[in-house]
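The values are calculated or read from the model by the stated rules, or taken from the named source; none is laboratory data. Since we're looking at a predicted model, the values are computed, not measured. Note: ideal-geometry Cβ built from the backbone for every residue, glycine included; neighbour counts use all protein chains shown.
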Amino acid sequence: MKIDNLTPYQAFVAWEQSSKDSINVRRIFVDLAGDLVAGVILSQVVYWHLPDRLGKQRLRVEKNGRKWLVKRRKDWWEECRVSPKQFDRAIARLKARGLVTLGKWKFRGSPTTYISLNWPTFHDLICLEEEKRQTRNQTVEKK
């Protein structure tokens, strides 16, 4: 990664600023999911359910009137460094909390888990978590 006339530190800073190899995980997603790995998965599920920069829907698969994220267990490693075993535990946690709905259909000939974000539950839990944070912040400010 040596760039002419740059120190290793400067070269790293240049690489860091230009790299797109990152995952943006909101702390509130970790709070909603109840643990870090499930929060990372939730973050990526939310990302795929949101429109892209041009306002176009990222998700292309529609079944039963819902948009679904279709990704094989092993594909989560490439996306966010979550192993298949970690994914299984995390997605079960998200389902138990009502944040996602899961379906199982064939995709490219193989049974695959489909994931759909439960917008009403997600919204309600975000609002509740924000209320808790505001209450905590007000309590801290009064001390």
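Residues in the stretch 85-115 that are in contact (Cβ under 8 Å) with a residue 60 or more places away in the chain and part of a helix (DSSP H, G or I): how many? So that I can check it myself, show each step before the final result.
If we filter the stretch 85-115 for residues that are in contact (Cβ under 8 Å) with a residue 60 or more places away in the chain, which is where we start, we get 93-94, 97, 99, 115.
Then drop every residue that is not part of a helix (DSSP H, G or I), which leaves 93-94.
Summing the residues that are in contact (Cβ under 8 Å) with a residue 60 or more places away in the chain and part of a helix (DSSP H, G or I) in the stretch 85-115 gives 2.
Among the candidates VAL40, VAL82, VAL45, VAL30, single out the residue that is modelled with pLDDT of 95 or more, buried (at least 16 other Cβ atoms within 10 Å of the Cβ) and assigned to a loop (DSSP other than H, G, I, E, B).
Numbers: VAL40 fails: assigned to a loop (DSSP other than H, G, I, E, B); VAL45 fails: assigned to a loop (DSSP other than H, G, I, E, B); VAL30 fails: assigned to a loop (DSSP other than H, G, I, E, B).
Checking each option against the conditions leaves just VAL82.
Quick check on my filter: what residues within the stretch 60-79 are buried (at least 17 other Cβ atoms within 10 Å of the Cβ) and out of contact with any Ser or Thr (no Cβ under 9 Å at 6 or more places or on another chain)?
The answer is none; no residue qualifies.
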